[in-house]
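*Asks:* Questions regarding the structure given below will be posed in turn.
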Amino acid sequence: MMTVIKPFLKAFKTTMAYSMYIVEHFPSQTSVVMQGAGSVKKLPALIKAQGIRKPLVVTDSVLMQLNLLKGLFESFDAINMPYAVYDGVQPNPSIDNIEDAYALYRKEGCDAFVGFGGGSSMDCAKVAAARAAKPELTTDRLGGYFKVMLPIPKKLPRIFAVPTTAGTGAEATSAAVVTDPKKNIKYTVNDFLLHPHFIVLDAELTLGLPPSITAITAMDALSHSVEGYIGGAHSRLSDMYSESAVRFIFENIDKVYHDGSDLQARGNLMLASYYAGFVLNRALTGYVHPFAHKIGGKYHLPHGRVIGAVMPHVFEYYGETAYKRLGKLADVLNITDPSMSDSEKGKAFIEAIRGYNRTYGIAETIPEIKEADFPEIAKSIHWECVPYPVPKIMDTKDIYTLLKRIKG
Ligand SMILES: [Fe+2]
């Protein structure tokens, strides 16, 4: 069966890779980025300068309890700018979260969104903005591709993204993940128009993150930069971002892990996460993410923790098809010497990922995986991976083999 499908899949993936190359020059994929410790306090003035009357801040209750939004709120008050707050975002925002945020946006007469938090808050803000642009489409009908853009592009309310972790890169992507609790599924909303218009990278907001969370979120960023780098849609521009992200992550993770108050290193990780998000948006992902989405969703495990366990196995499966590109990243990390072959360099990079896992407490296996679930997991991976320009296509047997290794 797979022998018949594989050539078609390959042709489709090549077309996808080419399309993503074109997307690189798509004008709406650029944002204004404000960077630096304390920069979130300048956001209200920036919002006002856009002619916005009243933004809706979309966040979660934990960040509200931690008082992380104090600086932002005080800065709104200092310039007498009204704002409203929706703080009900749950991890992987539900359809209800988005509908509630959108209802509040309308009730309060708002005209822009500020997604403040992890990927969930930013995703919630993006999809609520899509709802505002296309009020006739409820959240459950926005899943898939280009529902806002087609047939006629609609103008979205301005979206301001303020990440408070350094990992998801959601501030730099045109996609959002939504949970449908009734059907017990997650789906994505993909549209060029969802790309945040303004991004604030304020490392002070990440100061309270514990070492383990910092390490697993940075592992997620690492995977975005590497999966795009070795896939068929990479370009010179995305390569530049991938290489910088990989270097920044490996150069700074140890400093932040041992001293969470190192603002300079926190800032570098935040920049790395943004760069990696840029790569994810332009060059897409490979098999690591479909594995992680299904395994993480099914067994309720943190995304970055699953990514850390899955990534070395998937890259080893790619083998010779990816060693040359992985080897270039090993060069970036300065862990090679000129006598080494491409495959030796590629393996050295995979070993560096394993070293990261071991050093920062990310388990290298996932014993929670059940063999009885293999068919369901494999099916999900096949479907999710259809558009991704992966170096090598897996069949079901390959996926089972990898699942056994990942299970440990
Ligand atoms: Fe990810």
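The values are calculated or read from the model by the stated rules, or taken from the named source; none is laboratory data. This is a predicted model, so every value here is computed, not measured. A quick note on method: Cβ atoms are made from the backbone with ideal geometry, for glycine too, and the neighbour counts reach across all protein chains shown. Ligands, DNA and RNA are stripped out before the accessible areas are found, and what is left, the full protein with its side chains, is counted by its heavy atoms. Shrake-Rupley method; radii C 1.70, N 1.55, O 1.52, S 1.80 Å.
*Asks:* Specify the residue that is farthest from S39 (Cα to Cα); the eligible residues are those in the range 192-215 that are within 16 Å of the ligand (Cβ to nearest atom) and open to solvent by less than 20 Å² (accessible area, probe 1.4 Å). Step through it out loud before you land on a result.
*Replies:* We begin by selecting, within the range 192-215, every residue within 16 Å of the ligand (Cβ to nearest atom); these are 213-215.
Applying the additional criterion that residues be open to solvent by less than 20 Å² (accessible area, probe 1.4 Å) yields 214-215.
On the way: T214: 21, A215: 24 Å.
Among them, the one singled out is A215.
*Asks:* Inspect the range 155-169 for any residue being modelled with pLDDT of 95 or more, closer than 30 Å to T359 by Cβ, more than 14 Å from the ligand (Cβ to nearest atom) and assigned by TED's automatic domain parsing to the domain that holds Y299 and give the result as yes or no.
*Replies:* No, the range 155-169 contains no residue that is modelled with pLDDT of 95 or more, closer than 30 Å to T359 by Cβ, more than 14 Å from the ligand (Cβ to nearest atom) and assigned by TED's automatic domain parsing to the domain that holds Y299.
*Asks:* Let me ask another. When the range 270-279 is examined, which residues are found to be modelled with pLDDT of 95 or more and open to solvent by 10 Å² or more (accessible area, probe 1.4 Å)?
*Replies:* Correct list: L271, Y274, Y275.
*Asks:* Right, another one. Output yes when any residue across the range 384-396 is acidic (D, E) and free of Cβ contacts under 8 Å to residues at least 40 places away in the same chain, and no when none is. Even if it seems obvious, please write down each step before you answer.
*Replies:* Applying the first criterion (acidic (D, E)) to the range 384-396 yields 384, 395.
Filter once more, so that each one left must be free of Cβ contacts under 8 Å to residues at least 40 places away in the same chain: none.
No: zero hits.
*Asks:* Among residues belonging to the range 170-186 that are open to solvent by less than 40 Å² (accessible area, probe 1.4 Å) and in a loop (DSSP other than H, G, I, E, B), point out the one that is nearest to the ligand (Cβ to nearest atom).
*Replies:* Let us first name the residues in the range 170-186 that are open to solvent by less than 40 Å² (accessible area, probe 1.4 Å), namely 170-176, 178-180.
Among the residues that remain, those that are also in a loop (DSSP other than H, G, I, E, B) are: 173-174.
Working: T173: 10, S174: 15 Å.
The residue in question is T173.
*Asks:* In the range 151-160, how many are open to solvent by less than 30 Å² (accessible area, probe 1.4 Å) and not in a loop (DSSP other than H, G, I, E, B)? Let's see the steps before the verdict.
*Replies:* Initially, the range 151-160 is screened for residues open to solvent by less than 30 Å² (accessible area, probe 1.4 Å), giving 156-157, 159-160.
With not in a loop (DSSP other than H, G, I, E, B) added as a condition, the list becomes 159-160.
Qualifying residue count, the range 151-160: 2.
Here's the yes/no breakdown for (1) more than 13 Å from the ligand (Cβ to nearest atom); (2) over 13 Å from S225 (Cβ atoms); (3) open to solvent by 10 Å² or more (accessible area, probe 1.4 Å); (4) not assigned by TED's automatic domain parsing to the domain that holds S174:
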| residue | (1), (2), (3), (4) |
| --- | --- |
| L284 | no, no, yes, yes |
| Y287 | no, yes, no, yes |
| H313 | yes, yes, yes, yes |
| Y317 | yes, yes, yes, yes |
| L333 | yes, no, yes, yes |
| P338 | yes, yes, yes, yes |
| S341 | yes, yes, yes, yes |
| N357 | yes, yes, no, yes |
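*Asks:* Select, from S19, S39, the only residue that is under 26 Å from the mean Cα position of the chain (by Cα) and at pLDDT below 70.
*Replies:* Working: S39 fails: at pLDDT below 70.
Residue meeting the stated conditions: S19.
*Asks:* Which numbered condition in (1) open to solvent by less than 20 Å² (accessible area, probe 1.4 Å); (2) touching a Ser or Thr at 6+ places or on another chain (Cβ under 9 Å); (3) assigned to a loop (DSSP other than H, G, I, E, B) is the only one that V148 fails?
*Replies:* The number of the failed condition is (2).
*Asks:* Separate question: Name the residues in the range 64-84 that are closer than 28 Å to V178 by Cα and in contact with a helix residue (DSSP H, G or I) (Cβ under 8 Å, 6 or more places away or on another chain), would you? Talk me through it step by step, then tell me what you get.
*Replies:* Applying the first criterion (closer than 28 Å to V178 by Cα) to the range 64-84 yields 64-70, 72-73, 83-84.
Residues satisfying the conditions are L68, L69, L72, Y83, A84.
*Asks:* Of the residues that make up the range 110-123, is at least one touching a Gly at 6+ places or on another chain (Cβ under 7 Å), of a type in the set (D, E, K, R), within 20 Å of V40 (Cβ to Cβ) and within 16 Å of the ligand (Cβ to nearest atom)?
*Replies:* Checked the range 110-123: no residue is touching a Gly at 6+ places or on another chain (Cβ under 7 Å), of a type in the set (D, E, K, R), within 20 Å of V40 (Cβ to Cβ) and within 16 Å of the ligand (Cβ to nearest atom).
Matching residues to (1) in contact (Cβ under 8 Å) with a residue 12 or more places away in the chain; (2) surrounded by fewer than 19 Cβ atoms within 10 Å (Cβ to Cβ):
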site: V162; (1), (2): yes, no
site: T188; (1), (2): yes, yes
site: T217; (1), (2): yes, no
site: G232; (1), (2): yes, no
site: K255; (1), (2): no, yes
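*Asks:* Moving to a separate point now. So which pairs qualify, if the first residue must be in the range 298-309 and more than 21 Å from K379 (Cα to Cα) and open to solvent by less than 60 Å² (accessible area, probe 1.4 Å), the second must be more than 11 Å from the ligand (Cβ to nearest atom) and assigned to a helix (DSSP H, G or I), the Cβ gap must be under 7 Å, and the two must be at least 6 apart or on different chains?
*Replies:* From residues that are more than 21 Å from K379 (Cα to Cα) and open to solvent by less than 60 Å² (accessible area, probe 1.4 Å), the pairs are G308/N357.
*Asks:* Please enumerate the residues belonging to the range 42-90 that are of a type in the set (A, V, I, L, M), outside any helix (DSSP H, G or I), open to solvent by 20 Å² or more (accessible area, probe 1.4 Å) and over 15 Å from G118 (Cβ atoms). Outline the logic, then answer.
*Replies:* So the first thing to find is which residues in the range 42-90 are of a type in the set (A, V, I, L, M), and the list is 43, 45-47, 49, 52, 56-58, 62-64, 66, 68-69, 72, 78-79, 81, 84-85, 89.
Right, trim to outside any helix (DSSP H, G or I) and you get 52, 56-58, 66, 68-69, 79, 81, 84-85, 89.
Then drop every residue that is not open to solvent by 20 Å² or more (accessible area, probe 1.4 Å), which leaves 66, 68, 79, 85.
Within the range 42-90, I79, V85 meet the criteria.
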